[in-house]
Amino acid sequence: MNGRLSGKVAVITGGAGGIGLASARRFAAEGAKVCIADFNDEAGQAAAEEVGGLFVHADMSRDEDIEPMYAQAAEYFGGIDILYNNAGISPSDDNSILDTELAAWHRVMQINATAVFLCCKHGIPHLQQRGGGVVINTASFVALMGAATSQIAYTASKGAVLAMSRELGVQFARDNIRVNALCPGPVNTPLLQELFAKDPEKAARRLVHLPPGRFAEAEEIAAAAAFLASDDASFITATPFAVDGGLSQAYVTPE
Ligand code: NAD
């Protein structure tokens, strides 16, 4: 593995599991010093140990956790170069707008959108102090296209992430700060595996839209994040960066 991120300090929210953990491993393998920020202390500690980084307890549902998270990481590593705002939730009580309660809407918007706002608000000044840096905000393919199997708050929150990232990318371009919205397609996670086990028909209905005929692996999203974080992506900013196997561009897929 080359050292594209050598000497860079990255703070990854939700870095204790799923795509965040795969990214922490990939970033560390490419030379980055990684701060895992998560509300799962046990998994977060283990992840930080594994990648030789720092664990900071931070709950994205608590506004007051976010500024100190960056302060702690900056003090420990001497600065921050990469904000990877990855933590997100998609709870089962968020579905059709006709059934979704306001409480579920607020919970999803808080973690998926408001926390990303606060991460950018409190994290970008650290990048400015370094003379530049990178922000990766995790959106989703559902920010790009509509689904009849609706998760209305989730989709709206990811749309907010997409628009916010575009605006920040434009605003901070001359500060040498790149901001992109990473838009993964469906990823092979425990949640999806459970869906397949419980309801193969429902799962197959999703798979038919994917040109490669399979979901992504977390490592494939991590590889894209590492690219965006690196100087190889030096002219890529303010963009919806789809890593979706062609899903968002497909009309009919192979049988
Ligand atoms: P995951 O559930 O596997 O992992 C999420 C991580 O975030 C966990 O470590 C969890 O502890 C942490 N987390 C959850 N709530 C938190 C909170 N309040 N404060 C701090 N940490 C918290 O999720 P994932 O599948 O790896 O998804 C990561 C991101 O990618 C999310 O933003 C998700 O919306 C997005 N995404 C996922 C998929 C997919 O198919 N998995 C597709 C598109 C986008």
Separation between Cα centres of the range 1-79 and the range 231-249, rounded to whole Å:
23
So for the range 111-255, taking the charge dipole from beta-carbon charges (+1 Lys/Arg, -1 Asp/Glu), which of CYS183, GLY245, PRO212 sits furthest toward the positive end?
CYS183
Just to be sure I understand: with springs between alpha-carbon atoms less than 10 Å apart, which residue in GLY20, GLY52, GLY79 has the highest mean-square fluctuation in the Gaussian network model of the chain?
GLY52
Rounded to the nearest 10, the angle in degrees between the Cα long axis of helix 18-29 and the longest principal axis of the Cα atoms of the chain comes to 40
How many percent of DSSP beta bridges within the chain run antiparallel, rounded to 5?
0
Quick one: helix 218-229 against the long Cα principal axis of the chain, what's the angle to the nearest 10°, folded into 0 to 90?
40
Long-range amide H partners of LYS33 with built H, under 5 Å
GLY7, LYS8, VAL9, ALA10
The chain: relative contact order from alpha carbon pairs under 8 Å, six or more residues apart, as a whole percent, is 19
What shape does the chain take by its C-alpha gyration tensor, where a ≥ b ≥ c are the square roots of the eigenvalues and a/c under 1.5 counts as rounded, a/b above b/c as prolate, and the rest as oblate?
prolate
Cα-based Rg and Dmax for the range 90-146, in Å, come out at 15.1, 47
Stretch gain in nm, segment ALA103-PHE196, where the contour uses 0.36 nm per residue and the Cα spacing is subtracted:
30.7 nm
Taking other Cβ within 10 Å of each residue's Cβ, how do GLU255, GLU42 sort, fewest first?
GLU255, GLU42
Inter-label distance, nm, simple model (7 Å from Cα along the C-beta direction), GLU167/TYR76:
3.2
Residues of the range 70-89 with the amide nitrogen closer than 19 Å to a label point 7 Å from the Cα of ASP232, along Cα-to-Cβ, please.
82-84
How large is the charge dipole for the range 146-255, taken about the Cα centre, if only the Cβ atoms of Lys, Arg (+1) and Asp, Glu (-1) carry charge, to the nearest 20 debye?
340
Once the Cα atoms of helix 115-129 and of the chain are each reduced to a long axis, what angle between those two axes, in degrees from 0 to 90 to the nearest 10, is obtained?
30
Percent of Cα-Cα pairs per 10 Å bin, from 0 to the last occupied bin, for the range 116-219, please list those.
14, 37, 27, 17, 6, 0
I want to check a number: in the chain, how many lysine pairs have alpha carbons closer than 24 Å, given a sequence separation of 8 or more or different chains?
5
Taking the beta-carbon count within 10 Å as an exposure proxy, list CYS35, CYS119 from fewest neighbours to most.
CYS119, CYS35
With just the Cα atoms of the range 148-193, tell me how far they stretch along each of the three principal axes, in Å, largest first.
43, 21, 12
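Bear in mind these aren't lab numbers, they're just calculated from the coordinates by the rules spelled out. Bear in mind that the values here come from a model prediction, so they are computed numbers and not experimental data. So basically every Cβ, Gly included, is an ideal-geometry build from the backbone, and we count neighbours across all protein chains shown.
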